[in-house]
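Right, one structure below, let's go through it.
The values are calculated or read from the model by the stated rules, or taken from the named source; none is laboratory data. Just so it is clear, the model here is predicted, and its values are computed rather than measured. Here the Cβ positions follow ideal geometry from the backbone for every residue, glycine too, while neighbour counts run over all protein chains shown. Side chains are part of the model used for accessible areas, which takes the heavy atoms of the whole protein and leaves out ligands, DNA and RNA. Shrake-Rupley method; radii C 1.70, N 1.55, O 1.52, S 1.80 Å.
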Amino acid sequence: MGDIAVIAAALLLLVFSLDSLAKIKQSEKKEEGILKIYLGFLILASISVIPYKLWQLAGSHHTPDGMLLTAGSALAVVVFIGRFYSRRVKSHIHA
(Lines give C-alpha, C1' and ligand atoms only; values in the text may rest on other atoms or scores of the structure.)
Protein backbone atom coordinates (compact mmCIF):
# COMPACT_ATOMS: atom_id res chain seq x y z
CA MET A 1 0.00 0.00 0.00
CA GLY A 2 2.89 2.36 0.68
CA ASP A 3 4.29 2.07 -2.84
CA ILE A 4 0.94 3.02 -4.36
CA ALA A 5 0.72 6.10 -2.11
CA VAL A 6 4.24 7.17 -3.12
CA ILE A 7 3.42 6.72 -6.81
CA ALA A 8 0.21 8.74 -6.41
CA ALA A 9 2.07 11.49 -4.54
CA ALA A 10 4.80 11.58 -7.19
CA LEU A 11 2.20 11.85 -9.96
CA LEU A 12 0.43 14.70 -8.16
CA LEU A 13 3.76 16.45 -7.61
CA LEU A 14 4.61 15.97 -11.27
CA VAL A 15 1.29 17.44 -12.44
CA PHE A 16 1.61 20.39 -10.04
CA SER A 17 5.20 21.09 -11.12
CA LEU A 18 4.41 20.89 -14.83
CA ASP A 19 1.37 23.15 -14.45
CA SER A 20 3.37 25.72 -12.48
CA LEU A 21 6.19 25.58 -15.02
CA ALA A 22 3.73 26.15 -17.86
CA LYS A 23 2.24 29.17 -16.06
CA ILE A 24 5.60 30.92 -15.66
CA LYS A 25 7.04 29.92 -19.04
CA GLN A 26 6.70 33.37 -20.57
CA SER A 27 8.06 35.26 -17.56
CA GLU A 28 11.57 36.75 -17.56
CA LYS A 29 11.95 37.70 -13.87
CA LYS A 30 14.99 36.37 -12.01
CA GLU A 31 12.88 35.13 -9.10
CA GLU A 32 10.84 33.03 -11.47
CA GLY A 33 14.03 31.74 -13.10
CA ILE A 34 15.04 30.31 -9.75
CA LEU A 35 11.55 28.85 -9.38
CA LYS A 36 11.95 27.13 -12.75
CA ILE A 37 15.11 25.45 -11.48
CA TYR A 38 13.35 24.20 -8.34
CA LEU A 39 10.41 22.92 -10.39
CA GLY A 40 12.89 21.14 -12.68
CA PHE A 41 14.37 19.35 -9.68
CA LEU A 42 10.89 18.26 -8.58
CA ILE A 43 10.18 16.95 -12.09
CA LEU A 44 13.47 15.02 -12.15
CA ALA A 45 12.69 13.52 -8.74
CA SER A 46 9.27 12.38 -9.98
CA ILE A 47 10.78 10.93 -13.15
CA SER A 48 13.14 8.80 -11.06
CA VAL A 49 10.70 7.79 -8.28
CA ILE A 50 7.77 6.59 -10.40
CA PRO A 51 9.57 3.86 -12.42
CA TYR A 52 11.51 2.72 -9.34
CA LYS A 53 8.38 2.32 -7.21
CA LEU A 54 6.58 0.53 -10.05
CA TRP A 55 9.57 -1.84 -10.30
CA GLN A 56 9.35 -2.49 -6.55
CA LEU A 57 5.60 -2.99 -6.74
CA ALA A 58 6.05 -5.57 -9.51
CA GLY A 59 8.46 -7.65 -7.43
CA SER A 60 11.91 -6.11 -8.01
CA HIS A 61 12.91 -8.54 -10.75
CA HIS A 62 16.60 -8.50 -11.77
CA THR A 63 15.83 -10.06 -15.13
CA PRO A 64 14.97 -8.57 -18.52
CA ASP A 65 11.35 -8.43 -17.33
CA GLY A 66 12.30 -5.95 -14.62
CA MET A 67 14.34 -3.92 -17.10
CA LEU A 68 11.44 -3.79 -19.55
CA LEU A 69 9.04 -2.74 -16.80
CA THR A 70 11.34 0.04 -15.64
CA ALA A 71 12.13 1.26 -19.15
CA GLY A 72 8.49 1.12 -20.21
CA SER A 73 7.27 3.04 -17.19
CA ALA A 74 10.04 5.65 -17.61
CA LEU A 75 9.08 6.06 -21.27
CA ALA A 76 5.41 6.40 -20.32
CA VAL A 77 6.30 9.11 -17.77
CA VAL A 78 8.35 11.04 -20.34
CA VAL A 79 5.53 10.84 -22.91
CA PHE A 80 3.04 11.98 -20.25
CA ILE A 81 5.29 14.94 -19.39
CA GLY A 82 5.59 16.00 -23.01
CA ARG A 83 1.89 15.80 -23.75
CA PHE A 84 0.71 17.37 -20.47
CA TYR A 85 3.23 20.22 -20.60
CA SER A 86 2.51 21.10 -24.24
CA ARG A 87 -1.24 21.15 -23.60
CA ARG A 88 -0.85 23.32 -20.50
CA VAL A 89 1.43 25.79 -22.30
CA LYS A 90 -1.08 26.11 -25.14
CA SER A 91 -3.95 26.66 -22.71
CA HIS A 92 -2.04 29.32 -20.73
CA ILE A 93 -0.98 31.18 -23.88
CA HIS A 94 -4.53 31.35 -25.23
CA ALA A 95 -6.05 32.24 -21.85
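What ³J(HN,Hα) values, in whole Hz, does the Karplus curve 6.51 cos²θ - 1.76 cosθ + 1.60 give for segment 4-14 when θ = phi - 60°, with x put for Gly and Pro?
5, 5, 5, 5, 4, 5, 5, 5, 5, 5, 5
Applying 1/(1 + (r/R0)^6) with R0 = 35 Å to the Cβ-Cβ distance of Leu35 and Met67, what FRET efficiency is obtained, to the nearest 0.05?
Numbers: r = 36 Å, r/R0 = 1.01.
The pair Leu35/Met67 has a calculated efficiency of 0.50.
What is the angle, in °, between the Cα long axis of helix 30-57 and the longest principal axis of the Cα atoms in the chain? Nearest 10 is fine, range 0 to 90.
20
Per residue, how large is the accessible surface of the chain? Use a 1.4 angstrom probe and give square angstrom. If you can, show how the numbers build up before the last one.
On the way: 6440 Å² over 95 residues.
Per-residue value: 68 Å².
Need the list of aspartates and glutamates near Lys90 for cross-linking: C-alpha distance under 15 angstrom, and skip anything on the same chain fewer than eight residues off.
Here the aspartates and glutamates satisfying the reach criterion relative to Lys90 are Asp19.
Bin all alpha-carbon pair distances of the chain at 10 Å intervals from 0 and give each bin's fraction as a whole percent.
16, 40, 28, 13, 3
I'd like the accessible area for Phe16, computed on protein heavy atoms only with a 1.4 Å probe and all protein chains in place. Round to 10 Å², please.
The value for Phe16 is about 120 Å².
Please tell me the relative contact order of the chain in percent, rounded to the nearest whole number, where contacts are Cα pairs under 8 Å and at least six residues apart.
Values: 67 pairs, mean separation 35.0, N = 95.
RCO, the chain: 37 percent.
Any aspartates and glutamates with Cα under 12 Å of the Lys53 Cα? List them, leaving off those in the same chain fewer than 8 positions away.
Asp3
For the chain, what does -39500 (n - 2.57) per DSSP helix run (n ≥ 4), summed and divided by total residues, give at 222 nm, in deg cm²/dmol to the nearest 500?
Values: 3 runs with 81 residues, N = 95.
Result for the chain: -30500 deg cm²/dmol, rounded to the nearest 500.
May I ask you to derive the relative contact order of segment 41-93, considering only C-alpha pairs under 8 Å and at least 6 residues apart, and to give it as an integer percent?
Numbers: 22 pairs, mean separation 18.9, N = 53.
After rounding, I find 36 percent.
Just the accessible area for Thr70, please: 1.4 Å probe, Å², rounded to the nearest 10?
The accessible area comes out at roughly 50 Å².
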